[in-house]
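Written below as structure tokens is the structure these notes are about.
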Protein chains: 2
Amino acid sequence: MTETLRRHHDTYPTRTGRHDTVLDRPGPVVRGSAADGPIDAQTLQGFESKGYLSVERLVGPEELDLLRAELARMSQDPGVRADERTVIEAKSRQVRSIFDVHRTSEIFKKIANDPRVVQRARQILGSEVYIHQSRVNFKPGFEGKEFSWHSDFETWHAEDGMPSPRAVSISISLTDNYSFNGPLMIMPGSHHRYVSCGGETPEDNYKSSLIMQGAGTPDKQTLTRFADDYGIDVLEGKAGGAVMFDSNAMHASNGNVSPYPRSNIFIVFNSVENTLVEPFGAAEPRPDYIGVRDFTPAG
Amino acid sequence: MTETLRRHHDTYPTRTGRHDTVLDRPGPVVRGSAADGPIDAQTLQGFESKGYLSVERLVGPEELDLLRAELARMSQDPGVRADERTVIEAKSRQVRSIFDVHRTSEIFKKIANDPRVVQRARQILGSEVYIHQSRVNFKPGFEGKEFSWHSDFETWHAEDGMPSPRAVSISISLTDNYSFNGPLMIMPGSHHRYVSCGGETPEDNYKSSLIMQGAGTPDKQTLTRFADDYGIDVLEGKAGGAVMFDSNAMHASNGNVSPYPRSNIFIVFNSVENTLVEPFGAAEPRPDYIGVRDFTPAG
């Protein structure tokens, strides 16, 4: 398909103009029902309207210890630190994220394929699912950095070639999330609208955007309007709990001057009916450890 | 008095050693009673134990508009922007703080001397009070910067020559304070202990410390212990409300990626029985617009 033709047929055009354009997102968000798995009807309905749901205690205390120990082990492993899949904070030299952990760590592979996780993803997406991306994130105390507002799907569409926002992320908390240690913030309901962002994708955008976003970030005017329309939910919660959120939810997190670090495991499930094609807004797809092209169903 | 003698007699030594030392703070915090003014007995007791109190609606909507308009006017005035009393963000070129506003603006002078404000300060400090410092602060949306944990008194003692922590600050909110737009955070009860900070005061420390603190900042170990002992209160509240807090309360604020800016008027009242002497931990006192040496009672 030629570039012009692709753009013509693209329901989610982005990085094409000078300014943001806001489009309504077509179709349902939740495609399964309460009968299909552990999420009850009311919670599914909440996900449809707000774009996220919380699970209070997804993993138990012993599992939590195991997961934390694995994160600590990997963060200190010189081989892991040197790997391209690891993002290091420029100033503090601390590990910020390690990608692809569902393929490089037996422990993270296990939790990423656990029925408690996968069944919920299937239930929301209404099909078999596969893992589009996995990572562990670490936000240190005192100097944890912020992450600006964005829709993950915009990037996955533009840079990875994900056709539609039929994907869901789960963030499993390895530490307590307080309002003061830079927790996830979501604009509830924002997933119903798609922000076609202005600007073009620079070459190898992912190398800098994993640290601090540029392309794919809505402008201040759009974000202010979104915040006025939808409000901002601050997702507090205990370690061992989880948040699942729609791939098109507008989200961000503040920095962290508190003494308490924040870390989580982040797994993105995509529907097997929504597998990647060529990127819609970039010359080359991002590396496989960021946008996985092995579509084998999880679980 | 010689340097050695001063240090010998100093109840609040700081910036003398290599490491932090934590001392108990002697004496009462609240020296007035409910009979002396608008603060009731329970709220005064809360201030004694937590080191702060909140006033839900200190100024009305019309006053608030007036104060906001004055802040906007000053922030845009080229003369004010060029003045040494104005702190500009290095990157965004936005005004971060304007000092000494109780002497440079009729509107801010009026609120700083208003009975609603001054009577409360007198009631806490148990004497006539004067203004040690005033400023307006502006934390922009999207890119507002954080402020690390510190006790104001430590700096006022070391760099301004304030003998003891018999001073109270009032922050009047010109915008709503949400947990997500970088509000004031206080460790409740921390004002009962004094952190004697390690390190020496660099020359003209105030020029950089108004932007990002260095000297006078407790180390991570001390701050973690304090947070474990006292917890962290996040001070949300509507525009027009105020927070009063003890000069030795450990406080900080996170950055602000939300679209909503945060601004306030900040006035420090010191007891007339606690007027400034020579600095206890610096070669020269800071300029008069930061540590006022006109001890005329307010109100």
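So here's what we get for this one:
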read-out: Taking A:Leu276, B:Leu53 and counting other C-beta atoms within 10 Å, the order from fewest to most; value: A:Leu276, B:Leu53
read-out: The stretch A:186-203-the stretch B:274-299 distance, computed between alpha-carbon centres (Å); value: 51 Å
read-out: For residues of A:248-259, the mean tally of beta carbons on other chains within 10 Å; value: 5
read-out: Length released on extending from A:Glu84 to A:Asp294, taking residue separation times 0.36 nm less the Cα-Cα span; value: 73.7 nm
read-out: Area projected by the alpha carbon convex hull of the stretch B:3-271, averaged over all directions, nm²; value: 13.9 nm²
read-out: Where labels lie 7 Å past Cα in the beta-carbon direction, separation of B:Asp77 and A:Gln94 in nm; value: 4.2 nm
read-out: Computed [θ] at 222 nm, helices only, for chain B once each DSSP H run of length n ≥ 4 contributes -39500 (n - 2.57); value: -7000 deg cm²/dmol
read-out: Packing-based exposure ordering (other Cβ within 10 Å, fewest first) of A:Thr86, B:Thr14; value: A:Thr86, B:Thr14
read-out: Over 29 Å between alpha carbons, listed pairs A:Lys139/B:Lys91; A:Lys238/B:Lys220; B:Lys50/B:Lys91; value: B:Lys50/B:Lys91
read-out: Under-5 Å amide H pairs with A:Ala167, H placed in peptide plane, nonlocal only; value: A:Ser247
read-out: For A:Gln94, residues with placed amide H under 5 Å, excluding near neighbours; value: A:Glu89
read-out: For the stretch B:15-20, 3J(HN,Hα) per residue [Karplus equation, 6.51 cos²θ - 1.76 cosθ + 1.60, θ = phi - 60°, Hz, x = Gly/Pro]; value: 6, 10, x, 8, 10, 5
read-out: Relative contact order (%) - criterion: Cα under 8 Å, at least six apart; region: chain B; value: 33 percent
read-out: For the stretch A:287-299, 3J(HN,Hα) per residue [Karplus equation, 6.51 cos²θ - 1.76 cosθ + 1.60, θ = phi - 60°, Hz, x = Gly/Pro]; value: x, 4, 6, 9, x, 4, 10, 9, 9, 4, x, 7, x
read-out: FRET efficiency, 1/(1 + (r/R0)^6) with R0 25 Å, evaluated for A:Arg57 and A:Ala35 via beta carbons; value: 0.60
read-out: Ranked list, fewest to most other Cβ atoms within 10 Å of each Cβ, for B:Arg166, A:Arg18; value: A:Arg18, B:Arg166
read-out: The stretch B:7-117: relative contact order in percent, alpha carbon pairs under 8 Å with at least 6 residues between; value: 13 percent
read-out: Euclidean distance of C-alpha centroids, the stretch A:237-253 and the stretch B:49-92, integer Å; value: 35 Å
read-out: Most mobile of A:Asn205, A:Asn137, A:Asn270 in a GNM of chain A (Cα contacts under 10 Å); value: A:Asn205
read-out: For B:Gly144, residues with placed amide H under 5 Å, excluding near neighbours; value: B:Asn256
read-out: Low-density loop cleavage sites - GluC sites (Glu not before Pro) in the stretch B:1-105, where at most 12 other Cβ are within 10 Å (DSSP); value: B:Glu56, B:Glu84
read-out: Chain A: most fluctuating residue of A:Ser171, A:Ser253, A:Ser97 per GNM, C-alpha cutoff 10 Å; value: A:Ser253
read-out: Point-charge dipole on Cβ atoms (K/R +1, D/E -1) for chain B, about Cα centre, debye to 20; value: 320 debye
read-out: Among A:Pro259, A:Pro279, A:Pro163, residue whose mean-square fluctuation peaks in a GNM of chain A (springs only between Cα atoms under 10 Å); value: A:Pro259
read-out: Per-residue average of Cβ from other chains inside 10 Å of B:130-142; value: 1
read-out: Translational D in µm²/s for the protein assembly as shown (Stokes-Einstein at 25 °C, 0.890 mPa s, Kirkwood Rh from C-alpha pairs); value: 94 µm²/s
read-out: Gyration tensor (alpha-carbon) shape descriptor, the stretch A:81-234, a/c threshold 1.5; value: rounded
read-out: Label point 7 Å beyond Cα along the C-beta direction, distances from A:Gly231 to other copies (nm, shortest first); value: 2.4
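Each reported figure results from applying straightforward, stated rules to the coordinates on display, with no laboratory input. Remember, predicted model here, so these are calculated numbers, not experimental data. All Cβ positions, even for glycine, are placed from backbone atoms using ideal geometry, and neighbour counts span all protein chains on display.
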